[in-house]
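Encoded as structure tokens, the structure appears first; notes follow it.
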């Protein structure tokens, strides 16, 4: 995979260090990309001045508790390459139709030949005439190319962290899948999932979705929630692969709960069952984390 050279928007850098967390744990994962060298991060010297000005105190007069803030600020200069803004860049920025703070960062990207910049406010870098525009990534866009690798690494970490015997029995806390029925007609697909709990109780739920897999996973979540609280769990990533038309399907999901991420994998000839397997696998890890 090509390693991109990305300028970090001044506002996003402050957000990662001291601000409110980005949605779905994106800030944590983005920070890991820079730490692990999967993306090379650059910042302007102006951004470094802002970081130093804020010090180690958050916006509300207390130290931020977000995971990125655990890195000492004196390490920011080693984690990111500093880009001094010279006079040529200033002239380019002044001639731009962008606001000066954004124009300066766009000028840095253009003058240094970087692959783009990452920001949580992409529209600030668009003029509409196409003249001043540089490649702009949101955290979600930048993470998309690295999600699969992150899932594998994060899952390996979970497997190492928890004892094998605990992991082996994680699924028993979820019960047993009895049946799945999916109906696809002119309306939105509908799925009915039937689960038997470890205590022998049976719960059945029906849900509709944008596709048969989405409908099945929604119904599954409703059924599990009858005896294990998972209503606040969201699926933030889904991937399904098959090498040939008649080969078994490999599914991978990433669930998010309270900024924590839980990956799961499933394998079955049927795409719906493979997806359910992956979803249950991720829920199993989530329950392990809750109980330990």
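The values are calculated or read from the model by the stated rules, or taken from the named source; none is laboratory data. Predicted model only: the values in this text are computed from it and were never measured. Glycine also receives a Cβ, built like all others from the backbone with ideal geometry; neighbour counts cover every protein chain displayed.
General observations
- The range 38-59 - residue that is part of a loop (DSSP other than H, G, I, E, B) and under 14 Å from residue 14 (Cβ atoms) and, of those, modelled with the lowest pLDDT: 59
- Filtered by the rule that a residue be modelled with pLDDT of 80 or more, buried (at least 17 other Cβ atoms within 10 Å of the Cβ) and assigned to a loop (DSSP other than H, G, I, E, B), the range 8-37 gives a lone residue, 9.
- Residue within the range 284-292 that is under 16 Å from residue 174 (Cα atoms), modelled with pLDDT under 85, within 19 Å of the chain's Cα centre (by Cα) and surrounded by 18 or more Cβ atoms within 10 Å (Cβ to Cβ) present: yes
- Across the range 97-120, the qualifying residues are those that are part of a loop (DSSP other than H, G, I, E, B) and modelled with pLDDT of 90 or more, and the one among them that is surrounded by the most Cβ atoms within 10 Å (Cβ to Cβ) is 114.
- Pick from the range 66-96, criterion within 13 Å of residue 41 (Cβ to Cβ) and part of a helix (DSSP H, G or I), ranking: modelled with the lowest pLDDT: 68
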